[in-house]
Amino acid sequence: MVGFDMNTMAVQWTEIADAAGGIAAVVGVVGGAAIAVLYGRKATANVTAEVHEKDGEYVLAARPAISAAGVFRLKFAVADGITVRTTEVIRTDTGLEDGQWWDGEGVFEKAFVEGGETLTTMVLFLLGQSFPGLVGWRVSFGVNVERMLFGGPGWSWADQAFVPVPES
């Protein structure tokens with residue numbers, strides 16, 4: 001007949017509990033890393049704009065903003081990290097067409113946005129005078145960030161706004 005030893009049972013249950021705790025810790029660390037990789041580099045891009053007229057000349061004020069919603073820093077790509085472009089929208093006999101365009105320069109002084117941070121700025125465009133067929137201006141804002149691990153293409157976010165020619 002086999003005897004019942006309480007010490008042996010206690011040791012076995014302690015070893016089982018330790019193993020379960022170790023497995024839970026490993027699963028938690030791996031799960032947290034997976035969540036950080038999948039959701040750690042999220043952002044939103046937003047642009048608003050308005051046009052002002054003075055003595056027949058137009059000036060457009062664009063207000064781009066980038067918000068990093070994830071936990072990691074987003075480093076802007078060197079070549080085309082931030083772009084703000086204003087393009088004329090012209091009505092022709094065949095429909096709407098793009099006209100002249102202007103690119104904003106030196107949009108953000110920083111080369112990155114921290115997780116949880118929002119960068120905003122204002123870019124002014126001197127547009128000149130109105131002409132027949134001019135409907136308004138399309139303002140495009142784009143953000144490209146570098147991929148920190150494993151190389152390859154990074155991530156991109158963009159937004160656009162339309163500003164009609166003010167009524168005189």
Q | Average accessible surface area per residue within the stretch 17-138, 1.4 Å rolling probe, Å² | A | 60
Q: Determine the calculated [θ] at 222 nm for the chain from helices alone, applying -39500 (n - 2.57) to every DSSP H run no shorter than 4 residues and normalising by the residue count; nearest 500 deg cm²/dmol.
A: -7500 deg cm²/dmol
Q. Ranked from highest to lowest mean number of other Cβ atoms within 10 Å per residue, what is the order of the peptides 119-131, 62-74?
A. 62-74, 119-131
(Q) If every alpha-carbon in the chain counts as one equal scatterer, what log10 I(q)/I(0) does Debye give at q = 0.09, 0.14, 0.17 1/Å? (A) -0.49, -0.82, -1.01
Q) Probe 1.4 Å, all protein chains in place: accessible area of Val51 in Å², nearest 10? A) 20
Q.
Tell me the carbon and sulfur percent of the accessible area for the chain, rounded to whole percent, probe radius 1.4 Å.
A. 59
Q) On a 0 to 90 degree scale, rounded to 10, what angle separates helix 6-39 from the longest Cα axis of the chain? A) 10
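The values are calculated or read from the model by the stated rules, or taken from the named source; none is laboratory data. Since the model is a prediction, treat every value here as computed from it, not as a measurement. With ideal geometry, Cβ positions are generated from the backbone for all residues, glycine too; neighbour counts draw on all protein chains shown. Protein only, heavy atoms only, side chains kept; ligands, DNA and RNA dropped before computing areas. Shrake-Rupley method; radii C 1.70, N 1.55, O 1.52, S 1.80 Å.
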